[in-house]
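As structure tokens, the structure follows; a few thoughts come after it.
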Amino acid sequence: MATGLLPSQFFASGGRSCCKFPKLPGAKPSKFHSRVSVPRLSRRVSATATPVATDAESLVGFLEQDLPHLFDDQGIDRTRYEERVEFRDPITKYDTLSGYLFNLQLLRVVFNVEFILHEAKKTKQDEITTRWTMNMTFKLLPWKPVLLITGVSVMGVNLSTGRFRSHVDYWDSVDNNDYFSFEAVMDVLKQMRPFKTPNLETPKYTALKRTKYYEIRKYDAFLVVETTTDGLASSSGFNSVAGYIFGKNQREEKMKMTTPVFTARQSQDCSDVIQIVLPLNCELPKLPPPNSSELTLREVSRVYAAAIKFSGAVTEELVMEKQKLLRDSLRRDDLKPADGYLLARYNDPDSTPAFLRRNEVLIWLEDYHFEV
């Protein structure tokens with residue numbers, strides 16, 4: 001949950017808190033200086049005394065209120081943690097409260113962090129398990145990569161004091177969650193690669209889980225305009241659906257461009273369909289009718305989807321390969337992929353180099369239940 005991302009050995013503190021990145025074998029010196037000032041902890045961490053709970057069950061409600069403040073100005077309530085608290089994730093390890101709090105503040109310096117707590121529940125007499133999502137925008141790189149880490153935290157409770165004595169994170173995306181996990185380091189580095197996602201409206205979703213091979217997302221309902229196309233990687237039909245939002249409709253009403261462009265394949269026996277997402281403030285009954293009977297307006301209201309992300313130029317063969325990998329991975333994990341799949345293309349291929357393009361294959365899930 002309070003994911004370290006950078007091991008404690010990478011940081012050295014003197015009169016001023018700072019961080020130093022390790023010298024990697026074969027790396028050449030650069031002009032980049034990695035010294036970063038860290039805000040004083042007392043400015044960020046709440047020290048307000050609160051009544052001490054005496055069992056894990058009574059601490060669940062406290063965590064539901066406190067953990068959303070991990071990375072904001074209020075901070076967590078440090079009085080609810082032992083001074084000797086063990087914190088560990090696959091690449092970070094501390095055994096004091098001051099080290100734990102330093103890690104939180106360091107992450108705030110390096111990342112813009114969105115922390116989402118999905119659930120907290122008592123799993124043993126002296127243990128609480130939480131499930132969470134972290135979206136972390138790395139501020140030090142010009143393309144601002146977003147790291148997505150999901151997982152669970154197992155928090156041990158000292159029943160004699162009612163305070164937390166340990167906090168151990170387990171990431172969904174790696175098999176080896178022991179400290180120090182080279183697999184976890186590579187998982188972070190892979191997410192640093194550049195993707196160019198346009199600053200346009202896109203269907204709203206929450207990433208619930210990111211495994212080694214795919215993400216599971218919970219989508220809000222959204223509207224699309226669609227027509228048939230002659231292949232997954234084809235742009236046939238795009239001008240027709242784009243024309244609708246650019247004013248070629250019965251009211252000549254123009255709308256904002258959105259992303260991605262979806263191509264949907266239900267089965268080999270059905271025609272592929274190309275879709276453009278309509279602005280999120282649109283309401284289906286109030287939309288202008290299309291000029292052509294070949295265009296259809298509809299709501300996409302399915303909730304849970306699995307997605308696999310990739311870059312490069314899109315081909316029919318590549319999409320088929322990705323959907324097979326995704327479907328096989330879902331079945332291996334005892335999930336139920338629905339028939340058909342979607343290709344999502346986020347970028348204009350005429351203006352975006354292939355290696356920067358963000359593409360995804362999505363498959364809707366049936367009978368999916370999300371829990372800790």
**Asked** Any chance region 263-273 includes a residue that's under 25 Å from the mean Cα position of the chain (by Cα), under 27 Å from A233 (Cβ atoms) and at pLDDT 95 or above?
**Response** yes
**Prompt:** Give me the pairs: first residue in region 108-136 and in the same structural domain as L70 (by TED's automatic domain parsing), second residue among the basic types (K, R) and not in a strand (DSSP E or B), beta-carbon distance under 7 Å, and six or more apart or on different chains, which are they?
**Reply:** V110/K139; F111/K139; N112/K139
**Message:** Can you tell me which condition A344 does not meet? The list is (1) in contact with a helix residue (DSSP H, G or I) (Cβ under 7 Å, 6 or more places away or on another chain); (2) under 30 Å from P142 (Cα atoms); (3) among the hydrophobic types (A, V, I, L, M, F, W, C), and all the others hold.
**Reply:** (1)
**Prompt:** Among the candidates A242, A233, which residue alone is without any contact (Cβ under 8 Å) to a residue 40 or more places away in the chain, of a type outside the set (K, R) and outside the structural domain of F87 (by TED's automatic domain parsing)?
**Reply:** A242
**Count of region 330-349 residues which are outside any strand (DSSP E or B) and closer than 24 Å to E226 by Cα** = 7
**Fill in**
Result of the Cβ filter at 6 Å on region 170-184, keeping first residues that are free of Cβ contacts under 8 Å to residues at least 60 places away in the same chain and outside the structural domain of D95 (by TED's automatic domain parsing) and partners that are in a loop (DSSP other than H, G, I, E, B) and buried (at least 19 other Cβ atoms within 10 Å of the Cβ), at least 6 apart or interchain, is none
**Complete:** Those residues of region 311-350 which are β-branched (V, I, T) and surrounded by 13 or more Cβ atoms within 10 Å (Cβ to Cβ) amount to V314, V319
**Asked** In region 215-242, what count of residues is obtained for those that are modelled with pLDDT of 95 or more, in a loop (DSSP other than H, G, I, E, B) and among the aliphatic types (A, V, I, L, M)?
**Response** 1
**Request:** Among the candidates F111, F32, single out the residue that is within 29 Å of Q191 (Cα to Cα) and modelled with pLDDT of 95 or more.
**Result:** F111
**Request:** Would you mention how many residues in region 350-370 are touching a residue at least 40 places away in the same chain (Cβ under 8 Å), assigned to a loop (DSSP other than H, G, I, E, B) and of a type outside the set (A, V, I, L, M, F, W, C)?
**Result:** 3
**Message:** Could you go through region 298-305 and let me know if any residue there is more than 19 Å from R217 (Cβ to Cβ) and not aromatic (F, W, Y).
**Reply:** yes
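The values are calculated or read from the model by the stated rules, or taken from the named source; none is laboratory data. Predicted model, so just to flag it, every value in this text is computed and none were measured. Methodologically, a virtual Cβ is constructed for each residue, glycine included, from the backbone with ideal geometry; neighbour enumeration extends over all protein chains shown.
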